[in-house]
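Structure, as structure tokens:
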Amino acid sequence: EDKQMIFSTPVVTGNLSENDGTPEAVCYVAGKYRNRILKGADYETPVKYWVPVYKSKIGIHDASWRKKSEFKPETYLQHGSHGCINVQSSVMPDLYKLLFKGMPVIMHY
């Protein structure tokens, strides 16, 4: 905001070893939703915060199943997500408040 960083947090992105890497893209917050169930071929997971950013299939969300110790730079190489951006559950409420529909999101490695 005004050229100053106002929020920073470690995240876990898509699992490269399973070809589930988070796409590198410039996209936008498509919406903000509470208490959703994310579904895939091999999972069905409830989340408290869901913010779709890429083709409505990749988003930013809380990850209650991850330990704080998993939020480190190398986790995505072997134990990442299915492509989404996982945020610590304790931090996600603060991030959610800052996000708005149409906000740019730059995803890169």
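The values are calculated or read from the model by the stated rules, or taken from the named source; none is laboratory data. Computed from a predicted structure; not experimentally measured. Methodologically, a virtual Cβ is constructed for each residue, glycine included, from the backbone with ideal geometry; neighbour enumeration extends over all protein chains shown. Calculation scope for accessible area: heavy atoms of the full protein, side chains included, ligands and nucleic acids excluded. Shrake-Rupley method; radii C 1.70, N 1.55, O 1.52, S 1.80 Å.
Rolling a 1.4 Å probe over the protein heavy atoms gives the chain an accessible area of 66 Å² per residue.
Quickly estimate the mean residue ellipticity at 222 nm for the chain, helices only: each DSSP H run with n ≥ 4 gives -39500 (n - 2.57), and the total goes over all residues, rounded to 500. Let's see the in-between values first.
Details: 2 runs with 12 residues, N = 109.
Taking each H run of at least 4 residues, the total per residue is -2500 deg cm²/dmol.
In the chain, which longest range has no GluC sites (Glu not before Pro) that are both DSSP loop (not H, G, I, E or B) and surrounded by at most 11 other Cβ atoms within 10 Å? Here the longest run is 25-73. The relative contact order of the chain, computed from alpha carbon pairs under 8 Å that lie at least 6 residues apart in sequence, is 40 percent. Database remark: amide H of residue 81 closer than 5 angstrom to the amide H of 13, 14, 15 (H placed geometrically; neighbours at sequence offset of 5 or more, or on other chains; Pro and chain starts carry no H).
Checking a compactness column here: for region 39-87, what do you get for Rg(Cα) / (2.2 N^0.38 Å), N being the number of residues? Don't skip to the answer; put the middle values down first.
Details: Rg = 10.9 Å, N = 49, 2.2 N^0.38 = 9.7 Å.
The reported ratio for this selection is 1.13.
For the chain, excluding the exposed loop sites themselves (trypsin sites (Lys or Arg not before Pro), DSSP loop, at most 15 other Cβ atoms within 10 Å), the longest remaining stretch covers 4-54. Computed over the alpha carbons of the chain, Rg followed by Dmax gives 13.1, 42 Å.
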